[in-house]
1. Quick check on the range 117-163: of everything there that is under 17 Å from the mean Cα position of the chain (by Cα), of a type outside the set (A, V, I, L, M, F, W, C) and part of a loop (DSSP other than H, G, I, E, B), which residue is surrounded by the most Cβ atoms within 10 Å (Cβ to Cβ)?
2. Is it the case that residue 90 is modelled with pLDDT of 90 or more and out of contact with any Cys (no Cβ under 6 Å at 6 or more places or on another chain)?
3. Quick check on the range 79-101: of everything there that is in a loop (DSSP other than H, G, I, E, B) and hydrophobic (A, V, I, L, M, F, W, C), which residue is surrounded by the fewest Cβ atoms within 10 Å (Cβ to Cβ)?
4. Being touching a strand residue (DSSP E or B) at 6+ places or on another chain (Cβ under 6 Å) and either at pLDDT 85 or above or in a strand (DSSP E or B) (or both) is the requirement here; does residue 76 meet it?
5. Being of a type in the set (S, T, N, Q) and without any contact (Cβ under 8 Å) to a residue 60 or more places away in the chain narrows it down to one of 93, 163, so name that one.
6. Is it the case that residue 66 is over 13 Å from the mean Cα position of the chain (by Cα) and either farther than 22 Å from residue 224 by Cβ or not assigned by TED's automatic domain parsing to the domain that holds residue 14 (or both)?
7. Suppose we keep only residues that are under 28 Å from residue 155 (Cβ atoms) and either of a type in the set (Gly, Ala, Ser) or not in a strand (DSSP E or B) (or both) within the range 171-192. Which one would you say is nearest to the chain's Cα centre (by Cα)?
8. In the set 225, 186, 207, 218, which member is assigned by TED's automatic domain parsing to the domain that holds residue 174, farther than 26 Å from residue 107 by Cα and at pLDDT 95 or above?
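The values are calculated or read from the model by the stated rules, or taken from the named source; none is laboratory data. Note that the coordinates shown come from a computational prediction; the quantities given were computed from them, not determined experimentally. Using ideal geometry, Cβ is built from the backbone for each residue, glycine included, and neighbour counts are taken over all protein chains shown.
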Amino acid sequence: MTFDFSFWLVMFTFISGSVWLLDRLFFKEKRIQDGKQGLLDHENEPIWVEYARSFFPVFFIVLILRSFLVEPFRIPSASMMPTLLIGDFILVNKYDYGIRLPVLNTKLVENKYPDRGDVVVFRYPEDPSIPFIKRVVGIPGDHVEYINKTIHINGVEQKQVVNGAYEAFGSGMMADDDRWITEFLDEHSHDILVDSDGRGAFNFETDVPEGMYFVLGDNRDNSRDSRYWGFVPDQNLVGRAFFIWMNWDSKNGGVNWSRIGTILK
């Protein structure tokens, strides 16, 4: 069973806020009148009202920040190497792709739509309780081809520049000596990895429907993405990953200070 943090945050906010409001409307005045002289109001409060009054502002602020502004995530796998490493803690912009209600995920306010090259967090289409992170390669209306580990969009081959062998470390050692390539999607550039032994070199071709996105992992031969399970619906989008605020990798000695403050592209 997956712990739904958003659901419980909404519930705690609602319950604590309701307790505090009901006490203030119906019980506080009578409690003051019946209370002992010389006691402050909070000294007369039942413990459950005190907790509700104290925790409601905290729950409410976290709910607003996490639902509409930014949300933190931790990277557990190597599927987005070299852009994201195992143990990266990232921040996700929640308003770029529209403001949505927490839990229900209903879009309230339209904003921008993902561009090719954006690193996006979304709810995995086969199990929406699981957050995934990949890079947008195809947007609605695109014809996407993956031929010999090179992307073609609407018949145009996307440029790649080979940088040499990738030097991995820590929990990402499985990618050591993979081919390190800079890939261009339109004017956007980013780094990817492909296996040097030719594994995973199957061809793929598809048309991206309206309201859908085609996504790939940057670690191309070690990523389960749209090639395997299909498109990401717009309603599954969580936000755009934009910042690494911490990295903790026990296999690399703990904190990787060089990762902190990295702007994602």
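1. Filtering first and then ranking leaves 118.
2. yes
3. 101
4. It is false that residue 76 is touching a strand residue (DSSP E or B) at 6+ places or on another chain (Cβ under 6 Å) and either at pLDDT 85 or above or in a strand (DSSP E or B) (or both).
5. Just a single option satisfies the conditions, and that option is 163.
6. When the stated conditions are applied, residue 66 does not pass them.
7. 189
8. Among 225, 186, 207, 218, only 218 is assigned by TED's automatic domain parsing to the domain that holds residue 174, farther than 26 Å from residue 107 by Cα and at pLDDT 95 or above.
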